[in-house]
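Okay, structure first, notes after.
What follows is calculated from the coordinates using simple rules that are stated; it is not laboratory data. In this text, all values refer to a predicted model and were calculated from it rather than measured experimentally. FYI the Cβ positions are ideal-geometry reconstructions off the backbone, even for glycines, and counts take in every protein chain you see.
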Amino acid sequence: MAHALNWKIDECAVYFDRLRLRGWCHHGGSPIVRAEVELDGQAIVPLASFGTASPDVAQALGPTAAQARFDEWITADAALLGQPFTLRMWLADGTCVIGEDALTNCAHGDPYFQSWENFLMRVATLESGAVLEIGSRARSAITRRHRIPGRLTYVGLDILPGPNVDIVGDAHELGRLFPEQRFVAAFSTSVFEHLAMPWKVALELNRVLAPGGIVYTATHQTWPPHEEPWDFWRFSQHSWPALFNRATGFEVLEAVVGEPARVHPRRTSPVTRSMPDSPAWLGSASIVRKTHDSALSWPVTVEDITPTMYPAGELSAPPTANRT
């Protein structure tokens, strides 16, 4: 690995008409003498700041990586900003090395995305049984059925009919929809913020999971309101033990936040001045395991809370977070 290319995008966020790009790149064989951004395969923008001090990278890769960082604002055609891009790195020997998709590179090592892969590794050890996806409708043509091993039975549940939906029903009523201990695993992505009573769904999951069954849940810690009025909650990594605990029959195996963000107020005041520099996260995820049956119940129906139905259209919705 002495001649391997190593690089990492730390931030690649579009702010109005500019791209803030921070990261580093280093080649173990021939020094990088010039770095460029290739935007959507159409535009090449030099990284003028490449070569700034990078003591953290040097500590990991050695003294030749002591000046590997870049940090600058990229101005380009608005249509290209936010689209896939990569880095082109020119070596001292005249070679040009082109990296992978930078958006994917930026997500590498993020606990939120890694949690999904950790869940799949656990599912891969299951020899038989059924796996439930809550919120399986193929919005934006995204499905996860193919990530479940073929020896296991995948069941897709959604509140609305549509592609990739096997059963139409409300997650608040899992015990009515399925037999007890029907599933060995369950998962959901970008669903729990839309549940009127996520604590009740935790109890319902306990009823339909076999002992030792695992649950992966991914939702938002920070995200604009969407699909209103059915947008109820935001979750931190500290939220999960409040839902999955001894009383509800679970233990928390993993609870993380990830996909870092900046929150920018539209009215900057002395109180909000430092807000963009404060840590914020778009995603929150957990993996929990059923340890025992729970005697708790929550005899409240969704109809007791709201007369409305979950939006059938994409009402006031920002870009979907279903990325895993």
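Scanning the range 171-184 for any residue that is at positive phi and either touching a Cys at 6+ places or on another chain (Cβ under 7 Å) or surrounded by fewer than 20 Cβ atoms within 10 Å (Cβ to Cβ) (or both) turns up at least one such residue. Count of the range 106-130 residues, restricted to those that are more than 18 Å from the chain's Cα centre (by Cα), farther than 15 Å from Ala218 by Cβ and not polar (S, T, N, Q), is 5. Can you spot a residue in the range 63-71 that is surrounded by fewer than 18 Cβ atoms within 10 Å (Cβ to Cβ), closer than 21 Å to Asp101 by Cα and either touching a His at 6+ places or on another chain (Cβ under 9 Å) or not charged (D, E, K, R) (or both)? Checked the range 63-71: no residue is surrounded by fewer than 18 Cβ atoms within 10 Å (Cβ to Cβ), closer than 21 Å to Asp101 by Cα and either touching a His at 6+ places or on another chain (Cβ under 9 Å) or not charged (D, E, K, R) (or both). Could you list all residues from the range 186-206 that are of a type in the set (Phe, Trp, Tyr) and under 19 Å from Glu228 (Cα atoms)? Phe192 - this is the single residue of the range 186-206 that is of a type in the set (Phe, Trp, Tyr) and under 19 Å from Glu228 (Cα atoms).
For the range 86-105, the candidate set comprises residues that are aliphatic (A, V, I, L, M) and loosely packed, with under 13 Cβ neighbours inside 10 Å; within that set, the residue that is farthest from the chain's Cα centre (by Cα) is Ala92.
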